[in-house]
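A.B. asks: Dropping the structure in here first, questions after.
Nothing in this text is a laboratory measurement; each read-out follows from the coordinates by a stated rule. What you see is a predicted model; the values in this text were computed from it and never measured. Please note: Cβ atoms are built from the backbone with ideal geometry, for glycine as well, and neighbour counts cover all protein chains shown.
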Amino acid sequence: MKTTEVSTMNNRRLEKYVKAFKKGDEDTFDHIYEATRADVYYTIYYVVKDVQLSEDLMQDTYLKMIEHLERYEGRGKFRAWIKTIAKRTALNAIKQRQKETPSDQTAEYTSESAQLEKKAYTQELLEVLGEEEKEIVIRHAVLNETHKTIAEALDKPLGTITWKYKRALEKMRKEGGEQDA
Amino acid sequence: MREKDMKRHIRRKAKAHTPDVKDSVKASPQFRAFIERSAHREKRRRRPVYALAFTSLVAVLLLALFIIPSETSYSQVYLEINPSIRLDVDEEDTVLALKGENDDGDAFIEHIDDIEGGDFDTAIERIIENAIETGHLSEDAPHILYDAVSDDEALAGRHTQHLEQRIPEVAQERIPDIDMMRGHQGRPEADVIDRAQDHDIGVMRVRLIDAILEETDDYTFEELADYSVGELRDVMDAIDMESPMPGPPDSVPGPGGP
């Protein structure tokens, strides 16, 4: 039961925790955090594509959420609300980095460090999938993005995304027993 | 592995690879300041509320003693078509409230206006028609759990019969073999309501899952909570299980049922 709590916590229960947290119930933050951490992290990661920066921005996102929580009116959309904060935080960080880092250094970073990070990330998570398949699968299964939204974000035809998603699931199905073990 | 199981697997894997920043957030000065500020504000907010609550309680007691002649009966009518919804219907057959019992139920009733204050018959018609339009009910998915509960047993019985008669009538043209299973056997207990909320399903589905688990050890509650009513029906077929409650006389008989 504990292992599925995050992914299966429904919006009503999440709203209850948010309401209690707004009233100063410190312990409810743990539930809110556990219910949203994957949404927050992967929303950021697929903007910045940098593991270390994503971790820093994840913390910033939760602090911004706390800062603005007074204005959150609670209409069952908390998960969408915090994902919006996460995305905005990530986009601002990219802009900031572009201002601060000369373009050649950025390119160097992308070609070396980020590639290494991506490689490690691929090895650890959903091992059987390629980088693009993994992104499609996580965007759809974790972030609940539609295939259409993913197609727009990755600039690919909708049919390609649908096909790649199905193929990725097939690959994982084949490896299913081993991965679950 | 079914797609739902795959998605669960992916979410579990994805979450396991998420960095944990909870402790650093909680240790931040912003977090501490927020908690202190919120707790202080809540304390101040409560004082007048207590006084108001006491005054209101006295007023309600006086009303109950001297003004209100008798209690109005109503029943709670539950419908589960994977979205789970509830109607409160009074003895005049007027719909007092329409509520979603889970997130899908909330989404489902967003598209149905002007039910509250209208009559029960029209409400059933519009709900079933909308369920067919949105594909929640179809020839491939003809399953529906239903029941009415009330302190007034006669009223609950009448509303149950009304469902049993009206739903097949409305659905008949497009779903001639609608499969109705009665779901409740009385008011749901607190633990049933808690589990329904935890798993974002209706209380009738919790009861049905409990009944299935009494018959077989092949599944867990968590697994079956992801199943639709139709999939639960398939499980019942597979283990040759009868419906826990008899459906309407002219419904499709349950596995091993009448």
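A.B. asks: At B:GLU110 and B:ASP5, where each label point lies 7 Å from the Cα along Cα→Cβ, what is the point-to-point distance in nanometres?
C.D. replies: Going by the 7 Å Cα→Cβ label model, 3.2 nm.
A.B. asks: Also, quick follow-up: Return the calculated 222 nm mean residue ellipticity for chain B, to the nearest 500 deg cm²/dmol, obtained by summing -39500 (n - 2.57) across DSSP H runs with n ≥ 4 and dividing by the residue count.
C.D. replies: About -17000 deg cm²/dmol.
A.B. asks: Give me a single rounded figure for B:20-32: the average over its residues of other chain Cβ atoms within 10 Å of their Cβ.
C.D. replies: The mean count of partner-chain Cβ atoms within 10 Å per residue comes to 5.
A.B. asks: Give me A:LEU154, B:LEU87 ranked fewest to most by other Cβ atoms within 10 Å of their Cβ, as a rough exposure proxy.
C.D. replies: A:LEU154, B:LEU87
A.B. asks: Grab the beta carbon distance between B:GLN165 and B:GLU222, set R0 = 45 Å, and tell me the FRET efficiency rounded to 0.05.
C.D. replies: Plugging the Cβ-Cβ distance into 1/(1 + (r/R0)^6) gives 0.80.
A.B. asks: Using the number of other C-beta atoms within 10 angstrom as an exposure proxy, rank A:GLU135, A:GLU175 with the fewest first. Spell out each step's value before the answer.
C.D. replies: Numbers: A:GLU135 20, A:GLU175 14.
Ascending Cβ contact count within 10 Å gives the list A:GLU175, A:GLU135.
A.B. asks: Continuing with this model, one more query. Which order results if B:THR160, B:THR122 are arranged by neighbouring Cβ count within 10 Å, fewest first?
C.D. replies: Going from least to most buried by this count: B:THR122, B:THR160.
A.B. asks: On to the next question. Between B:ASP177 and B:ALA154, what is the FRET efficiency for a Förster distance of 30 Å, r being their Cβ-Cβ separation, to the nearest 0.05?
C.D. replies: 0.45
A.B. asks: Rg to Rh for segment A:127-181: what is it, with Cα atoms only and Rh by Kirkwood?
C.D. replies: 1.00
A.B. asks: Using a Förster radius of 41 Å, what is the FRET efficiency between B:LEU213 and A:ASN92 based on their Cβ-Cβ separation? Nearest 0.05, please.
C.D. replies: Between B:LEU213 and A:ASN92 the formula returns 0.25.
A.B. asks: Along the charge dipole of segment A:127-181, Cβ charges K/R +1 and D/E -1, which of A:GLY159, A:ASN144, A:GLY130 sits furthest on the positive end?
C.D. replies: The listed residue farthest towards the positive side: A:GLY159.
A.B. asks: Could you pull out every one of the lysines with an alpha carbon less than 26 Å from that of A:LYS19, ignoring same-chain neighbours closer than 8 positions?
C.D. replies: A:LYS2, A:LYS64, A:LYS77, A:LYS83, A:LYS87, B:LYS15, B:LYS22, B:LYS26, B:LYS43, B:LYS99
A.B. asks: With a cut-off of 8 Å between alpha carbons and a minimum separation of six or more residues, what is the relative contact order of segment B:74-238 in percent? Mind showing how you got there, number by number?
C.D. replies: Numbers: 270 pairs, mean separation 37.8, N = 165.
For segment B:74-238, the relative contact order is 23 percent.
A.B. asks: Residue separation times 0.36 nm, minus the C-alpha to C-alpha distance between A:ALA80 and A:GLU131: what's the value?
C.D. replies: Between A:ALA80 and A:GLU131, full extension yields 15.9 nm more.
A.B. asks: Which one, B:VAL58, B:ILE115, B:PRO188, is farthest towards the positive end of the dipole of chain B when Lys and Arg carry +1 and Asp and Glu -1 on their Cβ?
C.D. replies: Among B:VAL58, B:ILE115, B:PRO188, the one farthest towards the positive end of the dipole of chain B is B:VAL58.
A.B. asks: Which of rounded, prolate, oblate describes chain B, given a ≥ b ≥ c as roots of the alpha-carbon gyration tensor eigenvalues and a/c under 1.5 marking rounded, otherwise prolate only if a/b is larger than b/c?
C.D. replies: oblate
A.B. asks: Something else now. Ignore the peptide's own chain and count Cβ atoms of other chains within 10 Å of each Cβ in A:131-137; give me the average, rounded.
C.D. replies: Mean number of neighbouring Cβ atoms from other chains: 1.
A.B. asks: May I pose another question? Dipole magnitude of chain B about its Cα centre, charges +1 at Lys/Arg Cβ and -1 at Asp/Glu Cβ only, in debye to the nearest 20?
C.D. replies: Working: 30 positive and 56 negative charges, 514 e Å.
Dipole magnitude for chain B comes out near 2460 debye.
A.B. asks: Answer with one residue from B:MET204, B:GLN161, B:ALA238: the one whose Cα lies farthest towards the positive end of the charge dipole of segment B:74-238, charges on Cβ with Lys, Arg +1 and Asp, Glu -1.
C.D. replies: B:GLN161
A.B. asks: Still on this model: When the scattering of segment B:143-191 is computed by the Debye formula from its Cα atoms alone, each counted once and equally, what is log10 I(q)/I(0) at q = 0.19, 0.21 Å⁻¹?
C.D. replies: -0.65, -0.75
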